1. Quick one: which residues, 5 or more positions from H271 or on another chain, have an amide H under 5 Å from its amide H? H modelled 1.01 Å from N in the peptide plane, none for Pro or chain starts.
2. Normalised radius of gyration for the range 5-297, please: alpha carbon Rg relative to 2.2 N^0.38 Å, two decimal places.
3. What are the lysines whose alpha-carbon lies under 16 Å from the alpha-carbon of K208, with same-chain residues fewer than 8 places away excluded?
4. Which net charge results for the neighbourhood of E59, defined as the other residues with beta-carbon distances under 13 angstrom from its beta-carbon, given Lys and Arg at +1 and Asp and Glu at -1?
5. Please give the charge dipole size of the range 5-297, origin at the Cα centre, charges +1 on K and R Cβ atoms and -1 on D and E Cβ atoms. Round to the nearest 20 debye.
6. Taking the number of other C-beta atoms within 10 Å as the exposure measure, put W276, W100 in order starting with the fewest.
7. Could you line up Y37, Y211, Y156 from fewest to most neighbouring Cβ atoms inside 10 Å?
8. Summing +1 for each Lys or Arg and -1 for each Asp or Glu, what net charge is found among the other residues whose Cβ lies under 12 Å from the Cβ of F149?
Amino acid sequence: MKDITLVVMAAGIGSRFGGGIKQLTAMGPKGEIIMDYAIYDALKAGVSKVVFIIRHDLEKDFKEIIGDRIAKVCPVAYAFQEKDDLPDGFTVPQGRIKPWGTGQAVLSCKGIVDGPFIVINADDYYGTDVFANMVQYLRATEEKTDGVFNFCMSGYKLCNTLSDNGGVSRGICSVSPDGYLESICETHHIEKVEGGAASRQDDGTLVKVEYGAPVSMNMWGLTPGIFDVLQEKFVRFLQNTPPTALKAEFLLPEVLNEMLQEKTASIRVLHTDSTWFGVTYAADTPVVQEHFKALCRKGVYPAGLFGRA
């Protein structure tokens, strides 16, 4: 049976929480953070190892808050994403503050992850069924078929991922009749409106978006062959990015979209009716906390995960 690794992208947490991660908000009844629930679901689904992608300056706090607790129940490893971790011949442009995005984050796992793996964001809740579906797919599928990589993604309904407190960006997916991803269109400022959802344009007008459209929430099932592809495409990205573009990002969904167009990857969409939770706005926090209380009341989760008391 194939071992499946969970890769948690957490290098950006510090910038979202004031430079450190002491301020990570408690979401569960015993102080659990969102990561606790995602890791619990992944381990229950059969994941056997967790790799955290962090920055070196977060290491001490991160291990204290979650890493050391998870290490008591399964093997844990760390990959480090830094803005100056660049291919030979490249340097960080003056004024650049952040690392280079989710593509670079996953690339940092090269040499650490040697089998099929699931990639998630550190501060998103994905639901209970999605990990089991992805583990099942990765165990049953070969890395390549006729030279084409076999990947998968969790496909959510847009209506299950929106915030009541403002607009969000989502990757709207085009899916073939037989269930494979054809393309992703990053769509910004999607809001709930009467009768569904719409994207607010720069001039304030609203363009309707299908309320139940399939969307990507950056949960992917990948294999180690992606690392060489990312390395090659990261070099090309850096060559084509002007040094004045200080916020340019090398993004995993864009790489995967490019592979689809090149016909070097096939991505199975594993549809789910689960509700995605995340804290896009401060006002989302009490809503998410109430969701977790309800899930605990229903017995989906015990109160007190991984040593929380």
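Only the coordinates and a few stated rules stand behind these numbers; no lab work does. Note that this is a predicted model, so its numbers are computed, not measured. So basically every Cβ, Gly included, is an ideal-geometry build from the backbone, and we count neighbours across all protein chains shown.
1. Distant-sequence amide H within range of H271: G155.
2. Relative to the 2.2 N^0.38 Å estimate, the range 5-297 comes out at 0.98.
3. By straight Cα distance, K208 reaches K157, K192.
4. -2
5. With Lys and Arg at +1 and Asp and Glu at -1, about 580 debye.
6. The fewest-first ordering by Cβ neighbours comes to W276, W100.
7. The order, fewest Cβ neighbours first, is Y211, Y37, Y156.
8. Value of the local net charge: -2.
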